[in-house]
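Just so it is clear, none of the values below were taken in a lab; they were calculated from the coordinates. Treat the numbers as computed from the prediction; the structure is a model and nothing was measured. Quick reminder, even Gly has a Cβ in these numbers, built from the backbone with ideal geometry, and neighbours come from all protein chains shown.
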């Protein structure tokens, strides 16, 4: 499908990005699909995906997906920082 744009990604990395693009929305179904389609545990999948979206080759391969995932990660990090370093009522 997007093999001509794969650049320096391994087949496993392309499979992870392709999977994430079409993954089930429900977490329980996604966890089952991660195990059956990729042979990974959900935490390991998240680790691999998290490091993968930092690669320029991943951005070139799936720009909309990687951009969305990077924005989502930044939004979550901002929310954690706000909870941790929010204003004190002292």
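Arranged by the count of other C-beta atoms within 10 angstrom, fewest first, what order do 41, 84 take? If you can, show how the numbers build up before the last one.
Details: 41 12, 84 7.
With the fewest neighbours first, 41, 84 line up as 84, 41.
Can you give the helix-only mean residue ellipticity at 222 nm for the chain, where every DSSP H stretch with n ≥ 4 adds -39500 (n - 2.57) and the sum goes over all residues, rounded to the nearest 500 deg cm²/dmol?
After summing the helix terms and dividing by residue count, I get -20500 deg cm²/dmol.
Working out 0.36 nm times the residue gap between residue 54 and residue 31, then minus their Cα-Cα distance, what length gain in nm do you get to one decimal?
Using 0.36 nm per residue and subtracting the Cα-Cα distance, I get 6.0 nm.
Calculate the spin-label point distance for residue 18 paired with residue 68, positioning each point 7 Å from the Cα along the beta-carbon direction, and give it in nanometres.
Those two pseudo-labels are separated by 1.8 nm.
Given a Förster radius of 30 Å and the C-beta distance between residue 44 and residue 77 as r, what FRET efficiency does 1/(1 + (r/R0)^6) yield to the nearest 0.05?
Computed FRET efficiency for residue 44 and residue 77 comes out at 0.90.
If you build a Gaussian network model of the chain, linking Cα atoms that sit under 10 Å apart, which residue out of 31, 23, 77 swings the most?
77
Quick one: helix 63-85 against the long Cα principal axis of the chain, what's the angle to the nearest 10°, folded into 0 to 90?
That works out to roughly 20 degrees.
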